[in-house]
1. Hey, what did region 376-423 get for relative contact order, percent, Cα under 8 Å, at least 6 apart?
2. Give the aspartates and glutamates whose C-alpha is closer than 19 Å to that of residue 103, dropping any in the same chain fewer than 8 places away, or say none.
3. Which entries in the list 247/423; 166/237; 105/166 go over 19 Å, if you measure between the two C-alpha atoms of each?
4. Taking a threshold of 31 Å on the Cα-Cα distance, which of the pairs 337/430; 65/273; 121/365; 104/327; 65/93 fall above it?
5. How would 305, 180 line up from fewest to most surrounding beta-carbon atoms within 10 angstrom?
6. Express in whole angstrom the spacing between the alpha-carbon centres of region 374-415 and region 1-28.
7. Can you sort 123, 436, 197 from fewest to most other Cβ atoms within 10 Å of each residue's own Cβ?
8. Take the alpha-carbon centre of region 184-211, take the same for region 423-444, and report the distance between them in whole Å.
Amino acid sequence: MSRVSEYLEREERVIGKVIGIRFYPIVVERASGSRVWDVDGREYVDFSSQWAVMNLGHNHPDVIKAVKDQMEKLIFSSHTTFPNTAAIQLAEKLVELAPGDFKKKVWFGLTGSDANEFIYKIMPIYNGRRRILGFQGSYHGQTMGALSLSGHKSLARFIGFPNVVKAPYPYCYRCPFKQHYPECGLLCLDFIEGNVMENAPADDLSAAIIEPVQSDGGVIVPPPEFIPKFYRICKDKGVSFIVDEVKVGFGRTGRFFAIEHYDVAPDAISMAKPMASGFPLSAVVGRAEILDAAAAAHLFTSSAHPISCAASLATINTIMKDGILEKASRMGSFLMKRFKEMSEAHELIGDVRGSGMILGIELVKDRRTRIPATFETACLVYRAFELGLLVTYVGAYSNVVEITPPLTMSIEDAEKGLEIFEKALDDVEKDRVDKMKVRRFAGW
């Protein structure tokens, strides 16, 4: 028996299924840069960054040094009552980086879920309006307020709170209005303004929360004018404009925050996954009056953990000093070009889209009907794993392969990953994948 099989059997005995989404049998032992090794010593190219967490790659030396230095000074102090210097320095940096020419403050937590839980809890307190607008397909987290804001199918089994209204996200490849961009004139936006927001009603809407790229919903990038126009509508109606950057922030799209691609200033931004290079940390940065709306209303003993904050400061400094934003933009363009070339040779690929180094490869059974190739996507991800590449799939139909490599990935690792991806794609198309193995790993 392999050590992977042994560990997975041990896991089955002691760890509950509610914690996992599995695409293939792997147990990770170590990692470095864009490479991951399992407990049997097998090596993989990582095109996932562990759900877009490891933007600087695994075990970046700058982060390791910062963490070691912090551990020698202070391992823990609960910021709820005993503030620590690393958290204050990080808050100052985030206030400086976040767009908006107004006074800003910061809240700290541990996960993307608790950051968006902050939005759910605090926004109605802030302006006295009870309702919040979210989007179909969105994924904001697993806690009750965060999942209520969400519109992702994986959360549909839960009955969320009733004060959230849902609007259609501009998924142009599968437009719910059967329109074609740009001839549609953004009919979806007219529907949101004239129907969804008015029936909320608008004067009871406290906030709208939106992902600049809807990642778990299928790596959906809205038309370039959608977010600026939606922002203007929110401002005209007195609705706070909230941006969820939990997955796409900290350089993933080639800008520090993805919302910087648009000329807007969010009232608040939630962030988490990549901000501390693997250490648990989340934050909300926004208007000072929102962050001061209620004392002690959303606090956790381990929030603003000094080690996580030191890791985040090192992450930010490395992004800036090493030109990571420019690298992400260049590598993203390279990957986009290569995947589009791949789509010309493979009918299974229906659409290639993305922003910077978050790309979505949507698989379909037929390009004309666009019937989702759901099981084929699971087969592709599993076969890529067998060949030495780590990717995952997302989307409303579980048919979009998400590509989120480390922003520091070398061209050599990118080429190797692309080569494996196309070989796996070819194997799926030629029915050379063991379907019985795939069925054991349902993913989403």
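1. That works out to 35 percent.
2. Result set, ordered by chain and number: 92, 260, 263, 267, 289, 292.
3. Numbers: 247/423 28 Å; 166/237 17 Å; 105/166 28 Å.
Listed pairs above 19 Å: 247/423; 105/166.
4. Working: 337/430 24 Å; 65/273 20 Å; 121/365 42 Å; 104/327 29 Å; 65/93 19 Å.
The answer is 121/365.
5. Values: 305 27, 180 9.
The fewest-first ordering by Cβ neighbours comes to 180, 305.
6. 20
7. On the way: 123 26, 436 7, 197 23.
Fewest to most other Cβ atoms nearby, the residues stand as 436, 197, 123.
8. Centre-to-centre distance over Cα atoms comes out at 41 Å.
Every number here is computed from the coordinates shown, using simple stated rules; none is lab data. Only a predicted model underlies this, so the values are computations on that prediction, with no experimental measurement involved. Virtual Cβ from ideal backbone geometry, glycine too; neighbours counted across all protein chains shown.
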